[in-house]
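See below for the structure under consideration.
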Amino acid sequence: MSTSLSHSVLNLNGQEDGRASPRLQSWVVDEATELRDNNHERFMGMGVLTAVDHVNRTLAPSLIGMDAGDQRAIDLTMIDCDGTPNKSRIGANAILGVSMATARAVALSQGIPLYEYLKIDAGYLMPVPMMNVLNGGVHAQWQGADFQEYMIVPFGAPDFRTALQWGAETYHTLQILLKKKEYPTAVGDEGGFAPKVASNEEPLELITESIEEAGYTPGREIGISLDPASSGFFSDSKYELKREGRRLDSNEMIAYYRSLVESYPIISIEDGLAEDDWKGWVKLTNELGEDIEIIGDDIFVTSRPLVQRGIETGAANSVLIKLNQIGTVTETLSTIRSARDAGWGINISHRSGETSDSFIADFSIATSAGKLKTGAPCRGERVEKYNQLLRIEEELGSKAMYAGRKAFIR
Ligand code: PGA
Ligand code: ZN
């Protein structure tokens, strides 16, 4: 077993070590497949016995005996075993589980923290938390705002633990404010409140007020990030804002975002336009990309070729990174490297469906991403990532540096 991951991680873009893999470079893929059993007698078809079986019967025999420290070789072997562009045969849930478990196992066997083992840079950058405090869209069963996520971003704090404190205080101040307005304060999929607001702008008013009420300065200490997840309300070339009874085209959406950015302390917009609206993305980035981060999630699905297309066309300036959109640690790091080489922002992210696993907390430090999107300070599966970052910051002591405002490229 090798003593560090460096030989594999440093070569993840498949060029430096002569083990270039066309599989890592040329496949343009849809989001990797999460394989479910589809047997409606169990868990309404959502069981994963097939994926588990693939781990035990297909992946294990191919991997046993390999050097676990060669993450790249492990991941490429699994990609080969699967043989499809989007891991639909073996299942990305099977492959990614093994990929992440391998990294964890090696870190454990070497007696070093996971973030240390996976590290690709010098220094220890604690990420700015992007905390989704108000949920809409599909995460609130389309009962609230059309926009899926309204995040508070305490970039002005001196360190991670203070950022978390500011975020939690603002979140609970928002709860008090919602109660005063007689909105229910039940939470959505990512732990944010999910009120039936009157417009997509109302949450921005409520959040700005909460930041102030909690004692912080909007825009200087705490900013706001949006993830409208607009593919969810895009049809027939129009964006349908049901809350507002309006159907807008790309240009009108961009003008709408411009007006929101001018009125509220918005520092990034993720998936402001739909994943198929590439032309619109280029316009959006031209219009707003100097002022804020334009983050691509559904449009890039953590795929390196798609990010490269985004870089070449100027369709965004920042990427959302979700390990299970692509399905291996190696490919995720490869995408991060491409985006970073182009000067793009990097945002490591959870999923709305999550477990209490905290791999992404370590991963955000390992990759010096500077930003981690992992929900409200609420619901165990979200809070666990924040707790892990608290533990890491404590362990690192003076070696930890809070990414702060610099994490944002604009
Ligand atoms: P998802 O949402 O995990 O439901 O895709 C998260 C996001 O859109 O960022
Ligand atoms: Zn998103």
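Before moving on, here are some points about what is shown:
- Any hit, the range 32-43, residues being part of a helix (DSSP H, G or I) and free of Cβ contacts under 8 Å to residues at least 60 places away in the same chain: yes
- Residues satisfying the stated conditions in the range 291-314, i.e. in a helix (DSSP H, G or I) and either within 15 Å of ligand 2 (Cβ to nearest atom) or crowded, with 21+ Cβ neighbours inside 10 Å (or both): ARG304, LEU306, VAL307, GLY310
- When residues in the range 54-73 are screened for being open to solvent by less than 10 Å² (accessible area, probe 1.4 Å) and assigned to a helix (DSSP H, G or I), 3 of them pass.
- The set of residues from the range 355-370 being of a type in the set (Val, Ile, Thr) and surrounded by 15 or more Cβ atoms within 10 Å (Cβ to Cβ) comprises ILE360, ILE365, THR367.
- Test: GLN148 is more than 29 Å from LEU396 (Cβ to Cβ), at pLDDT 95 or above and of a type in the set (S, T, N, Q): yes
Residue by residue, here is whether (1) under 26 Å from the mean Cα position of the chain (by Cα); (2) of a type in the set (Phe, Trp, Tyr); (3) within 16 Å of ligand 1 (Cβ to nearest atom); (4) assigned by TED's automatic domain parsing to the domain that holds ASP146 holds:
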| residue | (1), (2), (3), (4) |
| --- | --- |
| LEU206 | yes, no, no, yes |
| ILE224 | yes, no, yes, yes |
| PHE233 | yes, yes, yes, yes |
| GLU252 | no, no, no, yes |
| TYR257 | yes, yes, no, yes |
| ILE266 | yes, no, no, yes |
| ALA274 | yes, no, yes, yes |
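- One residue stands out in the range 371-406 among those that are of a type in the set (S, T, N, Q) and more than 22 Å from TYR150 (Cα to Cα): the one that is most open to solvent (accessible area, probe 1.4 Å), namely SER398.
- Filter result for the condition that a residue is among the aromatic types (Phe, Trp, Tyr), modelled with pLDDT of 95 or more and under 25 Å from ARG351 (Cβ atoms), over TYR216, TYR264, TYR257: TYR257
- Residue among ILE211, ILE207 that alone is buried (at least 21 other Cβ atoms within 10 Å of the Cβ), modelled with pLDDT of 95 or more, part of a helix (DSSP H, G or I) and touching a Pro at 6+ places or on another chain (Cβ under 7 Å): ILE211
- Restricting attention to the range 259-285, the residues that are more than 16 Å from ligand 2 (Cβ to nearest atom), under 13 Å from LEU226 (Cβ atoms) and of a type outside the set (Ser, Thr, Tyr) total 3.
- ASP298 being under 16 Å from the mean Cα position of the chain (by Cα) and of a type in the set (Asp, Glu): yes
- For the range 285-300, the condition of being closer than 30 Å to CYS81 by Cβ, away from ligand 1 (no atom under 16 Å from the Cβ) and in contact (Cβ under 8 Å) with a residue 60 or more places away in the chain holds for none of the residues.
- Test: residue in the range 260-276 that is farther than 23 Å from GLU201 by Cβ, open to solvent by 40 Å² or more (accessible area, probe 1.4 Å) and either assigned to a loop (DSSP other than H, G, I, E, B) or touching a Ser or Thr at 6+ places or on another chain (Cβ under 8 Å) (or both): yes
- Residues in the range 106-140 that are touching a strand residue (DSSP E or B) at 6+ places or on another chain (Cβ under 8 Å) and of a type in the set (A, V, I, L, M): LEU125, MET126, VAL128, MET130, MET131, VAL133, LEU134.
- Looking at the range 315-410, the strands (runs of 3 or more DSSP E) lying wholly inside it that each contain 2 or more residues that are in contact with a Lys or Arg (Cβ under 8 Å, 6 or more places away or on another chain) sit at 345-349.
- Scoring LEU288 on the criteria (1) closer than 20 Å to ALA361 by Cα; (2) away from ligand 2 (no atom under 15 Å from the Cβ) leaves a single failure, condition (1).
- Note on the range 318-337: among residues that are away from ligand 1 (no atom under 16 Å from the Cβ) and crowded, with 22+ Cβ neighbours inside 10 Å, the one that is farthest from ASP80 (Cα to Cα) is ILE336.
- Just one of the numbered conditions (1) surrounded by fewer than 23 Cβ atoms within 10 Å (Cβ to Cβ); (2) outside the structural domain of ASN347 (by TED's automatic domain parsing) is not true of ALA94: (1).
The values are calculated or read from the model by the stated rules, or taken from the named source; none is laboratory data. No experiment lies behind these values; they were computed from the predicted model shown. Cβ coordinates were reconstructed from backbone atoms using ideal geometry, including for glycine residues, and neighbour counts include every protein chain displayed. Ligands, DNA and RNA are stripped out before the accessible areas are found, and what is left, the full protein with its side chains, is counted by its heavy atoms. Shrake-Rupley method; radii C 1.70, N 1.55, O 1.52, S 1.80 Å.
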